Amino acid sequence: MAASFSVCRLRFRALGGIDKLCLGLEPQTQVRFTSTTSAIKAQTKNKTAKAAKESKTFQVIQEERREEAERSVLISCPPKINENKFLDYLSKHGTINKHFFYNSYGAYAVVEFSSRESIASLKESTNIPAVEHEAAVPFKSRLLSLKWPGSQSSNHPMPKLKEQSPPSINEITQLLSEKDTIDEQLHCLTETLQLTEENISLRFLVCSLLRDIAGAYFPECVIRPFGSSVNSFGKLGCDVDMILDLDGIYATSQKKGSGLSLEYQVKRGASERAVTQSILSVIGKCVDQFGPGCVGVQNILQARCPLVRFAHQPSGFQCDLTANNRVAMKSSELLFLYGQLDPRVRHLVFSVRCWARAHSITSSIPGAWITNFSLTVMVVFFLQQRNPPILPTLDRLKELAGPSDKCVIEGNDCTIVSDLSKITLQQNTDTLEKLLQEFLEFYGNFPFNKASINIRKGKEQSKPETTALYIQNPFETTLNISKNVNATQLERFVALCRESAWLLQQKEILKQSSDSPWGFTALLLPSVTSGAGVKSRRKRKLEPASSRIKNLLDSLKIKGGETVAKKGSANTRR
Ligand code: GTP
Ligand code: MG
């Protein structure tokens, strides 16, 4: 797009002993963003495999995944197939790097070849279906159907199908109840909910399939995932946020010589927003009419950030396609960066997101609820407030930036340090249990009426406007990312924080009862604050958690029951 976007490079070493990350990164991973694909390719090529792996940048990883996706196909399979025969058949077109099967209203296979020529060869031998009473749009995509003649069906067991859906709250509760400490529970929660390698590959493949449609108009375009698909906080089942990136087109048109030159004649729009809307409306129409497996396409072009929303049935993903949305991509990069600095960041974010979802504090339906993005920024802010702080301020990340880190997007300075080895983290040894407890107390008593949350300064600021919740947008600093949140939703959040803080304090008492949820699991029980939530119209049959726990404490007739009367009294920090 026309707006300036300077070369932006981010390089860092992860400083913690990170769990195996959902992005497939190893501990001590270095991350670097560069603006050009060629720079990334050259960078990757010149390294030995090991060195390359160790110094892989975030953008390199993304680029590799995108390239893998372009060499992949998605195949709908019959209920029973012989895996070896299937692979033998496909191998005629070239070497298969990897493959996996999954279930989404039927079995599907993702098959990645080692070269793109294999895709061309495979497509060459693939038929357009002969349909009776209907007509087919002859669009040759990489979403295929395997026809397996009945006579060749075998008794081979179906290959193992990889799970793509998140476990239910009941399953999570069961898993966590087997753990001995809250810290173990929170580790387990992240491991259970985080995106798997296969799920990430599928997300990139869906973007790549979409790119094939958009590529009919803009051959140099790329469709990139952003948001929780790449920011390391995604959970199984989260939507796929996509950006239609047309930078490649603008980049090639900036070659200016001193002599004669030619210029494309272009249609002009009233504004950048108008151009974005018109491009998205056309792509949306194509996705609707020609995109195999794409259903329920909605053009939501009047939104602050215009988008096309649709469901991709074969993957089961809800997709939001935007364009000209670089700040959001930069925010994803920033959250990813924070997630790498200390493993506790991801554990705390996963637990807070899960807890908020269980109580309908967040929702997949747009409305006056707090969003996952806002919640994540709230966790970052809280971790900046620890003594000593666990995370640096955004201003500090900017101070540490080198000249090549300079990044300005649409007039907003989005510069952050690229070499994270420049960041000195302070020794903070708080356990996850302590952090969760204090997060709940912190926000249960935060002066939301007068203060705003500001991760750039890492300090509360006075609220510039009277909205219920004010969280400064990290890069577009005059904006509030939680402007949509109303007073009722904020009150529910605060009340839930207080109640949950109290429940967490009852850990030892609850642990004595073998059939009672304790620790983080107790926080997932229905709460007294649920009434005004997203599910307000559905009456909850269960008693509120605090009443149930109170009853339990009464029935245990132990001294700890006294603490019931003290509910909330511990949370009077402010
Ligand atoms: P999920 O709920 O798991 O989808 O989390 P998410 O982080 O993907 O959130 P969402 O799909 O709502 O938004 C995608 C990305 O858009 C976020 O990660 C942010 O980078 C960005 N984003 C979302 N809301 C805002 C906002 O209000 N302001 C800005 N600047 N960016 C936003
Ligand atoms: Mg999302």
Could you order the peptides 417-427, 61-71 from most to least packed, using the average number of other C-beta atoms within 10 Å per residue? 61-71, 417-427
Taking only the alpha-carbon atoms of segment 304-449, the convex hull volume per residue, in cubic angstrom, is 170 Å³
If you count only protein heavy atoms and use a 1.4 Å probe, how large is the accessible surface of residue 128, to the nearest 10 Å²? 80 Å²
Per residue, what accessible area does segment 58-162 have, given a 1.4 Å probe and all protein chains present, in Å²? 58 Å²
Do any trypsin sites (Lys or Arg not before Pro) in segment 148-236 lie in a DSSP loop with no more than 13 other beta carbon atoms within 10 Å, and if so, which? 160
Solvent-accessible area per residue for segment 194-282 at a 1.4 Å probe radius, Å²? 51 Å²
Work out from phi, with θ = phi - 60° and the Karplus expression 6.51 cos²θ - 1.76 cosθ + 1.60, the ³J(HN,Hα) of each residue of segment 131-139, listed in order in whole Hz, and give x for Gly and Pro. 10, 8, 6, 9, 10, 9, 6, x, 9
Taking the Cα centroid of segment 56-97 and of segment 353-412, what is the distance between the two, rounded to the nearest whole Å? 35 Å
Determine the order of 408, 111, 137 by accessible area, beginning with the largest, at a probe radius of 1.4 Å. 137, 408, 111
Fully extended contour minus Cα-Cα distance, from residue 88 to residue 139, at 0.36 nm per residue: 15.7 nm
Could you give the alpha-carbon Rg of segment 186-300 over 2.2 N^0.38 Å, rounded to two decimals? 1.36
Listed by chain and number, the residues whose amide H is under 5 Å from that of residue 471, excluding neighbours fewer than 5 places away on the same chain and using placed H, are 453, 481, 482
Can you pull the Rg over Rh of segment 395-454, Cα-only, Kirkwood? 1.13
How do 329, 378 stack up against each other in accessible area, from largest to smallest, with a 1.4 angstrom probe? 329, 378
Trypsin sites (Lys or Arg not before Pro) within segment 328-364: DSSP coil, no more than 11 neighbouring Cβ in 10 Å: none
Quick one: pull the percent of accessible area on segment 321-438 belonging to carbon and sulfur, 1.4 Å probe, ligands and nucleic acids left out. 51 percent
Kindly flag which residue pairs out of 80/123; 450/483; 92/123; 98/235; 80/147 have an alpha-carbon separation exceeding 19 Å in this structure. 80/123; 98/235
Short version: what are the Cα gyration tensor semi-axes of segment 82-121, square root of 5 times each eigenvalue, largest first, in whole Å? 19, 12, 8
Rh (Kirkwood; distinct C-alpha pairs) - segment 58-162, Å: 15.1 Å
Give the accessible area for residue 499 in Å² (nearest 10); use a 1.4 Å probe, count only protein heavy atoms, and leave out ligands, DNA and RNA. 10 Å²
Apply the Karplus curve 6.51 cos²θ - 1.76 cosθ + 1.60, θ = phi - 60°, to the phi angles in segment 311-316 and return the couplings in whole Hz, x for Gly and Pro. 9, 9, 4, x, 9, x
Give me the percent of the accessible area of segment 58-162 that comes from carbon and sulfur atoms, probe 1.4 Å, all protein chains in place. 51 percent
Semi-axes a, b, c in Å (a largest) for segment 105-188, each sqrt of 5 times a Cα gyration tensor eigenvalue, come to 41, 18, 16
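The values are calculated or read from the model by the stated rules, or taken from the named source; none is laboratory data. As the structure is a prediction and not an experimental result, all values here were calculated from the model. Here the Cβ is made from the backbone with ideal geometry for all residues, glycine too, and neighbour counts use every protein chain on show. Ligands, DNA and RNA are stripped out before the accessible areas are found, and what is left, the full protein with its side chains, is counted by its heavy atoms. Shrake-Rupley method; radii C 1.70, N 1.55, O 1.52, S 1.80 Å.
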